[in-house]
1. Among the residues of the stretch 56-84, what is the count of those that are in contact with a helix residue (DSSP H, G or I) (Cβ under 8 Å, 6 or more places away or on another chain) and either in the same structural domain as Gly146 (by TED's automatic domain parsing) or in a loop (DSSP other than H, G, I, E, B) (or both)?
2. Step by step: first the residues of the stretch 14-41, then only those that are assigned to a loop (DSSP other than H, G, I, E, B) and within 30 Å of Cys100 (Cα to Cα), then the one that is modelled with the highest pLDDT. Which residue is that?
3. Kindly evaluate Ala79 against the criterion of being of a type in the set (Gly, Ala, Ser) and either buried (at least 17 other Cβ atoms within 10 Å of the Cβ) or in contact with a Lys or Arg (Cβ under 6 Å, 6 or more places away or on another chain) (or both).
4. So which residues in the stretch 138-152 are surrounded by 19 or more Cβ atoms within 10 Å (Cβ to Cβ) and assigned to a helix (DSSP H, G or I)?
5. Within the set of pairs 6+ apart or on separate chains, which have a first residue in the stretch 61-78 that is in contact (Cβ under 8 Å) with a residue 60 or more places away in the chain, a second that is of a type in the set (Val, Ile, Thr) and surrounded by 16 or more Cβ atoms within 10 Å (Cβ to Cβ), and C-beta atoms under 9 Å apart?
6. Please state which one of Ala114, Ala104 is among the aliphatic types (A, V, I, L, M), assigned by TED's automatic domain parsing to the domain that holds Phe41 and modelled with pLDDT of 95 or more.
7. Return yes when Pro44 is over 20 Å from Gly143 (Cβ atoms) and either in the same structural domain as Arg161 (by TED's automatic domain parsing) or not in a loop (DSSP other than H, G, I, E, B) (or both) and no when it is not.
8. Can you pull out the residues in the stretch 115-162 that are over 23 Å from Lys98 (Cα atoms) and hydrophobic (A, V, I, L, M, F, W, C)?
Amino acid sequence: EALRKEHKLSDYMYWQGHGGVEAMRAERDKGMEWKCGFCHFLEPTTTSANKYEDPATMPHGKRRGTKEEIAQYQRRLLALIVYPKQQYVDRIKRDVRKCCAFCARPVLDGEEHAFTFDHLDELTKMKNNPVTGEKTLAGKNGGVAGLVANHTKAATLDKIRDVLDAEMAKCQLLCHNCNHRKTYGYPL
């Protein structure tokens, strides 16, 4: 396909042996849309946009049935636990925190997943301890995202709302672009 990007324009070692500047210009002119990280997160095909659906609208499936029915049943079971937490955290982002702590980009309905709860002190982040083997409800990656992603019955919203609130209280809300800059040491 003519519009498909074949090589990164930043890979100057590749381009010096494959047509140089003129080939880079031709690659750029293929019509690619260059998006910032925030806008990329808003694409429906990104992993971050792949949220659970409302279990009330999902097919129930069957515990024993065809592969498709079993998959529907299992996905709905996970959604029953994760979806309410996603909705709760999205509401906090949108209605309580309201914007990025650095650039003040507003949190709009449907764009919540492009904002991250960033720990002010990384040492306070709840997560599994690889040294001691201690496990937490937040899992290996930890934090708010780890608590929300946990699909065990022990991590339903009614059981961990206080833990989730405490974890969010340790954080500032950052848009994807500001979070990337902070994480990788770029000036804000």
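The values are calculated or read from the model by the stated rules, or taken from the named source; none is laboratory data. Because the structure is a prediction, the values reported are computed rather than measured. Glycine gets a Cβ as well: all are built from the backbone with ideal geometry, and neighbour counts include every protein chain shown.
1. Summing the residues that are in contact with a helix residue (DSSP H, G or I) (Cβ under 8 Å, 6 or more places away or on another chain) and either in the same structural domain as Gly146 (by TED's automatic domain parsing) or in a loop (DSSP other than H, G, I, E, B) (or both) in the stretch 56-84 gives 8.
2. By that ranking, first place goes to Cys36.
3. Judged against the criteria, Ala79 is a match.
4. Scanning the stretch 138-152 gives Gly143, Val144, Gly146, Leu147, Val148.
5. none
6. Ala104
7. Against the criterion (over 20 Å from Gly143 (Cβ atoms) and either in the same structural domain as Arg161 (by TED's automatic domain parsing) or not in a loop (DSSP other than H, G, I, E, B) (or both)), Pro44 qualifies.
8. Selection gives Leu123, Met126, Val131, Leu137, Ala138, Ala154, Ala155.
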